[in-house]
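Read-outs: derived from the displayed coordinates by stated rules, not from any lab. Quick caveat, the model's predicted, so the values are computed rather than measured. As a convention, Cβ positions derive from the backbone with ideal geometry for all residues, glycine included, and neighbour counts pool all protein chains shown.
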Amino acid sequence: MWLIGTDEQKFLYVLYLCSGGNSSVYVSELMIQERVSFSYKKLHALAAYWQVQGCVVSHTKRGGVSEYQLTNEGSIAALRLKRLFRFRFLLFVIIFILVILFSSLFLFG
């Protein structure tokens, strides 16, 4: 998860992963907190951010536990984030391999 940028992006991506990309699935705030270790306050602030963007819908269950659901816009935004994270990872791997190759050329060549 270290290649993921902001907390907002982490929240949306984890919600996407927990829902399996399905916009009809509700994901409990406890499941999200378990995966990203956000505080209760921070989690609700991030959910409010994505609600304003139109990507997440919040439902409060009995007992005060919230559940979050991705909208269609949220699924599209999460897929864009997934592509961005994949690109960052591949770029990191390519740079790492190039560094190893050039360092071995200078050390042994």
ask   = By Kyte-Doolittle mean hydropathy of at least -0.5 and Cα axial length of at least 24 Å, which whole DSSP H helices of the chain are selected?
value = 72-108
remark   = Total charge of the residues flanking residue 34 in space, meaning their Cβ is under 15 Å from its Cβ, with Lys and Arg +1 and Asp and Glu -1, is +1
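Quick one: putting +1 on the C-beta of Lys and Arg, -1 on the C-beta of Asp and Glu, what dipole do you get for the chain around its Cα centre, in Debye to the nearest 20?
Numbers: 11 positive and 6 negative charges, 15 e Å.
Rounded to the nearest 20 debye, it is 80 debye.
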